[in-house]
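Written below as structure tokens is the structure these notes are about.
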Amino acid sequence: MKRESCLLLSAAAVSLLLVSCAPKPRHFELGGNPIITHMYSADPSAHVFGDSLYVYPSHDRDMARGFDMEDYHVYVTGDMKTFEDRGVIFRPFEQTSWATKNAWAPDCVERNGKYYLYYPTDVKYIGVAVADSPYGPFEDPLGHPLLTIDSPGVICDRDFIDPCVFIDDDGQAYMFVGQNTCCCIKLNDDMISYDGEVHIIEGLEEFFEASWVHKYNGKYYLSYSNSPFTGHQPEIVYAMADNPLGPYEYKGRILGPVSSGTNHHSIVQFGDDWFLFYHTGDLGNYNWPDRGMGGSHRSVCVDYLYYNEDGTIREVQPTVSQEKLEGNTAFKGEY
Ligand code: FUB
């Protein structure tokens, strides 16, 4: 056999080997929205740890009057159709000495085999809790908040809430947080302290709350809920940058106003697919048709998210399944 043919053959063998060794791409079927129908849930932060996708939402209480949440559950899926509730993982008011109310939107990340849950309370504190498993039990390692509305460098003229943590490919972890102004700290390797400096993120139009940062093809995407005080209901919009700290360039809308009034989301890749997790008030409104209860009885949903060729994100159209609404077992009694 000629040398060229030999080389060609071995190149073909190598690519065949590479293809057969490559992890199998997974494409997921979705199971209809809302994905959680046995209780109310909001503010979903979704992450992939190992083979599974975990959702850490806040928990709208059955008898909620406003956002009086008090504990956190975790949900896990491997197929994007069924989300298993693994129960309560953390109760800030019982498990810390300093948190007293408003356990709102959390986030959870993994580092070196430990899991770090970042959560806001009292509309002024950001705490961190640590566990050896994504299912908890989580514990307060500090005995005080990690960051507060009064920490040097923080700018906040409203609620100091909605932490989201992004770990870059070089291992640097960033926590984005705040309302009206988006603050960012660089976490130290221990994930429970930071370098002391607070960065203010520039380039976000009408930033209100619910910051979420992800990376795609080398670009940083900061998505967030825009302001309800500018003549429209909150939308999820985004900006892009070459650096996690910005400056960011505003790009546009990912999700229009939803039936809950508030809008809060996360963006994650699972297998080959990208997803937008968000919440709506569809279930609360379905269960109390005449009372407009969806604002404080929200439910977590998910839909596919797609990019354009230039890396911009296509607007997502939220979906709802009548079957899921009809089959719900969430609280619908008098309150
Ligand atoms: O769930 C309470 C608050 O409502 C969250 O912290 C905000 O993002 C909004 O969704």
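Which value in Å does the Kirkwood hydrodynamic radius of the range 47-118 take, with 1/r averaged over all unlike C-alpha pairs and then inverted?
Details: mean 1/r = 0.0749 Å⁻¹.
About 13.4 Å, per the Kirkwood formula over Cα pairs.
Taking the Cα atoms of the chain, what is the range of coordinates along each of the three principal axes, in descending order and whole Å?
Over the chain, Cα extents along the principal axes are 83, 50, 41 Å.
Any idea of the accessible area per residue across the range 163-269, 1.4 Å probe, to the nearest Å²? Before the final figure, lay out the partial values.
On the way: 3820 Å² over 107 residues.
Ligands and nucleic acids excluded, the figure is 36 Å² per residue.
Given PHE331, TYR306, THR100, which one lies farthest toward the positive end of the charge dipole of the chain, if we put +1 on the Cβ of every Lys and Arg and -1 on the Cβ of every Asp and Glu?
Of PHE331, TYR306, THR100, it is TYR306.
Mean separation of Cα pairs under 8 Å and 6+ residues apart, divided by the residue count of the chain: what relative contact order is that in percent?
The normalised contact order for the chain reaches 16 percent.
Translational diffusion coefficient, Stokes-Einstein: compute it for the range 191-282 using the Kirkwood radius over C-alpha pairs as Rh, at 25 °C and 0.890 mPa s, and state it as an integer in µm² s⁻¹.
Values: Rh = 14.1 Å.
It diffuses with D of about 173 µm²/s by this estimate.
Over the chain, with every protein chain in place, what whole percent of the accessible area is carbon and sulfur at 1.4 Å, could you tell me? Don't skip to the answer; put the middle values down first.
Working: 7210 of 14740 Å².
After summing per-atom areas, the C and S share lands at 49 percent.
Rounded to the nearest 10 degrees, what's the angle between the helix 3-21 long axis and the longest principal axis of the chain, both from Cα atoms, 0 to 90?
20 degrees
Based on the alpha-carbon gyration tensor of the range 140-201 and its eigenvalue square roots a ≥ b ≥ c, which shape applies: rounded if a/c is under 1.5, prolate if not and a/b is larger than b/c, or oblate? All intermediate terms of the calculation are to be shown ahead of the outcome.
Working: a/c = 1.86, a/b = 1.28, b/c = 1.45.
Oblate, because a/c is 1.5 or more while a/b does not exceed b/c.
Keeping to pairs on different chains or 8 or more places apart, tell me how many lysine pairs in the chain have Cα atoms under 16 Å apart.
Close lysine pairs found across the chain: 5.
If we sort 45-57, 79-91, 197-209 on the protection proxy, mean other Cβ atoms within 10 Å, highest first, what's the order? Kindly include the intermediate steps, with their values, before the conclusion.
On the way: 45-57: 19.7, 79-91: 15.8, 197-209: 18.1.
Descending mean neighbour count gives 45-57, 197-209, 79-91.
Can you work out ³J(HN,Hα) from phi for every residue in the range 212-227, in order, using Karplus 6.51 cos²θ - 1.76 cosθ + 1.60 and θ = phi - 60°, giving whole Hz and x for Gly and Pro?
8, 10, 9, 10, 8, 6, x, 9, 9, 10, 10, 10, 6, 8, 8, 7
Cut-off 10 angstrom, C-alpha nodes, Gaussian network model of the chain. Which of MET175, MET293, MET63 fluctuates the most?
Between MET175, MET293, MET63, it is MET63 that shows the largest mean-square fluctuation.
Return the long-range amide H neighbours of ASP43 (sequence gap of 5 or more, or a different chain), with a cut-off of under 5 Å between placed amide H atoms.
SER58, HIS279
How do the peptides 307-313, 241-247 rank, highest first, by the average count of neighbouring beta carbon atoms within 10 Å per residue?
Numbers: 307-313: 11.6, 241-247: 15.3.
For the peptides 307-313, 241-247, the packing ranking is 241-247, 307-313.
What is the extension gain from ARG91 to LEU245, computed as 0.36 nm multiplied by their sequence separation minus the C-alpha to C-alpha distance, in nm to one decimal?
Full extension of this stretch gives 52.3 nm more.
Quick one: 3J(HN,Hα) in Hz for the range 62-76, Karplus 6.51/-1.76/1.60 with θ = phi - 60°, rounded, Gly and Pro as x.
3, 9, 4, 10, x, 9, 9, 5, 9, 8, 10, 9, 10, 10, 10
Once the piece of chain linking THR329 and THR230 is laid out straight, how much longer is it, given 0.36 nm per residue of separation minus the C-alpha distance between them?
Numbers: separation 99, 0.36 × 99 = 35.64 nm, distance 3.66 nm.
Fully extending the segment from THR329 to THR230 adds 32.0 nm.
The values are calculated or read from the model by the stated rules, or taken from the named source; none is laboratory data. Fair warning: this is a prediction, and the values are worked out from it, not measured in the lab. With ideal geometry, Cβ positions are generated from the backbone for all residues, glycine too; neighbour counts draw on all protein chains shown. Side chains included, ligands, DNA and RNA excluded: accessible areas come from the protein's heavy atoms. Shrake-Rupley method; radii C 1.70, N 1.55, O 1.52, S 1.80 Å.
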